[in-house]
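Asks: Please read through the structure below; I'll follow up with questions.
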Amino acid sequence: MKKIISILFFCSWINLPAQNELRNDTFHQITRTDTVFISKERPIDSVLSNYQQILEKTNSQLGMWSNPYGILIGCLGVMITLLGIGVAFVIYKQGKDARDLIKESLNKHEVELDKLINEKNNYFKNFEISLNKSIQEYQERLSRSQNLENKEQILEFISKLEEQKDIMDLKIHTHSGYSPQDIAENYIISESTLFYTKINLSNPNQSFIIYLRIVASDGKKYWLGFGGNIKDTPGKTKYEYTSHSIYPTKNPMIQEKVLETFRLGFPELNCYPIRIDNIRLRGSDTDLGQITFSYKIT
């Protein structure tokens, strides 16, 4: 029995190195397998590496601002911005100064114009008072005069004074040729509105037309015309009525009631005239001499 146990022990001792090698191989295999497994389970290392590279590049780019070129570029940017702001301010200031200057000039002209108009109105008012006073005085003389010759002279003088009164405060415009000249007006028409015009021609046969454009209650615009030395019969279209006459003088005068003339020219209309918004002047298409139109609306 002892011999058998000794033999088994001896065999076990002989095979011990082989078993140890087997254990070592198995251990190394397990170790390598674990290493691969661990490397596969830790991808964060590559992420950290990439993140580190990004930070390094960012830091290198941020570091450019600390070099002279970066500082120069930054200064140029600031200078261009300040220059742009300065140019914009100068343009705004110049525009504001120009607007203020124009406004001040307009205000001054408006004040001067109002002053001129007031002076003109006062002058015509005083002149009208003086004419009325003179007419009244000569009418009294006429009533006291017993001499027929004196009466005729006084009547002639009163007639001239009345004519001066009629042409007082006339608006004067000159025109030549048949192409129209338009003058803006804004005059409200009433039952007593009177249109008075005195025309100075280059020669007695020269023709002319002066128009009133009337805004009616139907919202439409109609023309009332007064023509001379073209024909002696009126002309009529849908929106225009012109009365014509032959004048044997270089200084024809026309005096017409606007409302009556409108009704005469457009009897078929159910509307009524509201205001005059335009005066149109026309001369001869053959005799191109200058014509003076003097008119007023009362």
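Quick note: the coordinates plus some simple rules give every number you see, no bench work behind them. Predicted, not measured: the structure shown is a model, and the values here were computed from it. No Cβ is skipped: glycine too gets one built from the backbone with ideal geometry, and neighbour counts run over all protein chains shown.
Asks: With +1 on the Cβ of every Lys and Arg and -1 on the Cβ of every Asp and Glu, and nothing else charged, how large is the dipole of the stretch 171-297 about its Cα centre, in debye rounded to the nearest 20? The partial results should precede the final answer.
Replies: Numbers: 15 positive and 12 negative charges, 22 e Å.
In debye, rounded to 20, the stretch 171-297 gives about 100.
Asks: When you count, for each residue, the other Cβ atoms within 10 Å and take the mean per peptide, how do 90-99, 231-240, 285-294 rank with the highest first?
Replies: 285-294, 231-240, 90-99
Asks: How much length would be gained if the chain were fully extended between Q153 and Q139, taking 0.36 nm per residue of separation minus their Cα-Cα distance, in nm to one decimal?
Replies: Values: separation 14, 0.36 × 14 = 5.04 nm, distance 1.16 nm.
Answer, rounded to one decimal: 3.9 nm.
Asks: So how do L161, L264, L76 line up by other beta-carbon neighbours within 10 Å, fewest first?
Replies: L76, L264, L161
Asks: Using amide H atoms built in the peptide plane, which far-off residues or other-chain residues are under 5 Å from R275 H to H?
Replies: Amide H to amide H, under 5 Å and 5 or more residues apart or across chains, R275 pairs with I189, V215.
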